[in-house]
1. Filter the stretch 177-207 down to residues that are aromatic (Phe, Trp, Tyr) and touching a residue at least 40 places away in the same chain (Cβ under 8 Å) and give me whichever is farthest from residue 34 (Cα to Cα).
2. Which one of these does residue 223 not meet: (1) touching a helix residue (DSSP H, G or I) at 6+ places or on another chain (Cβ under 8 Å); (2) crowded, with 22+ Cβ neighbours inside 10 Å; (3) not aromatic (Phe, Trp, Tyr)?
3. Please work out which residue is modelled with the lowest pLDDT, limiting yourself to the stretch 43-80 and to residues that are surrounded by fewer than 21 Cβ atoms within 10 Å (Cβ to Cβ) and among the basic types (Lys, Arg).
4. Which condition from (1) of a type in the set (A, V, I, L, M); (2) surrounded by 19 or more Cβ atoms within 10 Å (Cβ to Cβ); (3) not in a helix (DSSP H, G or I) is the one that residue 19 breaks?
5. Could you please find all residues in the stretch 1-16 being among the β-branched types (Val, Ile, Thr) and surrounded by 16 or more Cβ atoms within 10 Å (Cβ to Cβ)?
6. I'd like to know if the stretch 252-267 contains one or more residues that are assigned to a loop (DSSP other than H, G, I, E, B) and without any contact (Cβ under 8 Å) to a residue 60 or more places away in the chain.
7. Quick test for you: out of 191, 211, 273, 246, pick the one residue that is of a type in the set (A, V, I, L, M) and crowded, with 23+ Cβ neighbours inside 10 Å.
8. Return yes or no: is residue 40 part of a loop (DSSP other than H, G, I, E, B), modelled with pLDDT of 95 or more, within 20 Å of residue 88 (Cα to Cα) and not assigned by TED's automatic domain parsing to the domain that holds residue 184?
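The values are calculated or read from the model by the stated rules, or taken from the named source; none is laboratory data. Just so it is clear, the structure is predicted and the values come from calculations on it, not from any experiment. Cβ coordinates were reconstructed from backbone atoms using ideal geometry, including for glycine residues, and neighbour counts include every protein chain displayed.
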Amino acid sequence: MEFTVKLAEYADIEAAVAVEEETMGGTGYLRDAWHYFNSLDGGLVCVYDGDKMIGIGRFTVLPDGSGWLETLRVIPSYQRKGAGRKIYDKYVELAKANGCPSMAMFTGLTNVASSSLAEIYGLRTLAQHKGWNLTDLSGGDTHSFKHVNWKRAEELILPMKEKYHDYMTFNRTFHHINSANAKQFACEGKVFEDKESGSFIVCGARFQHQVTLHIAMMGGDYDKCIDFAINYAKAQGLEKITCTVVLENEEVQAALAKRGFVMDKGTIITKEVKF
């Protein structure tokens, strides 16, 4: 089957959302994230059978210059017919055009089709993570947490590289722990420190800020960090907090469980290829 590929334009939003909704059973986030995605380097890859859009996949250049593969959707009747490969071919082209040193994605541990497709293009599993969710937002306390500047963000975040297995996660987007990403998170107002207790938290959202608060990293007194996150979420009218943690980080997972977070049943794997 022959498919054609192009990058999306604004006029393509309805067709792209239709692909996502058909693939995801009526759910998805593309419409909410459309303007955000279009403010970033990269592009939304669209695959066509004639004039019909049948697949999409977003290539995003993250703040540190690495490529992130997301929102890959192929409508069910066209799956396993080569559309996914067309999207990945374009991903590789975009990675090279943008000078990305690497590109990565996540999928479920049991999603063999997604994982196998990524491996054809050289992506290999680097880490396994669990998602944790809190919907009981009772309590909460701001303590003495305040925003920090980019320099202090580097000082707080970079030493956590090994404990977090090199990743911080917002909206299931895995960011390497490095200076560029730490600085960007500080500039976005996502890094807070409580000097009194020697604690800090990196939290916020990449998109769909009105839905969930994501905790990307905590250090120091975890209870105080979670208190702050609960208070911060409620102040924004949010009803859910999530935290995605590498399996080896048992300390943070124990702190989340203690405060009522519920662990997802599935395991997430991160796959990456370096150029």
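1. Filtering the stretch 177-207 for residues aromatic (Phe, Trp, Tyr) gives 185, 192, 200, 207.
Imposing the further condition that a residue be touching a residue at least 40 places away in the same chain (Cβ under 8 Å) reduces the set to 192, 200, 207.
Working: 192: 28, 200: 31, 207: 10 Å.
Ranking the candidates gives 200 first.
2. Of the numbered conditions (1) touching a helix residue (DSSP H, G or I) at 6+ places or on another chain (Cβ under 8 Å); (2) crowded, with 22+ Cβ neighbours inside 10 Å; (3) not aromatic (Phe, Trp, Tyr), the odd one out for residue 223 is (2).
3. Within the stretch 43-80, the match that is modelled with the lowest pLDDT is 80.
4. So residue 19 meets the others, but not (3).
5. Scanning the stretch 1-16 gives 5, 13.
6. Residues of the stretch 252-267 that are assigned to a loop (DSSP other than H, G, I, E, B), as a first pass: 259-261.
Still in the list and also without any contact (Cβ under 8 Å) to a residue 60 or more places away in the chain: none.
No; the residues of the stretch 252-267 include none that is assigned to a loop (DSSP other than H, G, I, E, B) and without any contact (Cβ under 8 Å) to a residue 60 or more places away in the chain.
7. Details: 211 fails: crowded, with 23+ Cβ neighbours inside 10 Å; 273 fails: crowded, with 23+ Cβ neighbours inside 10 Å; 246 fails: crowded, with 23+ Cβ neighbours inside 10 Å.
Of 191, 211, 273, 246, the one residue that is of a type in the set (A, V, I, L, M) and crowded, with 23+ Cβ neighbours inside 10 Å is 191.
8. Values: part of a loop (DSSP other than H, G, I, E, B): yes; modelled with pLDDT of 95 or more: yes; within 20 Å of residue 88 (Cα to Cα): yes; not assigned by TED's automatic domain parsing to the domain that holds residue 184: yes.
It is true that residue 40 is part of a loop (DSSP other than H, G, I, E, B), modelled with pLDDT of 95 or more, within 20 Å of residue 88 (Cα to Cα) and not assigned by TED's automatic domain parsing to the domain that holds residue 184.
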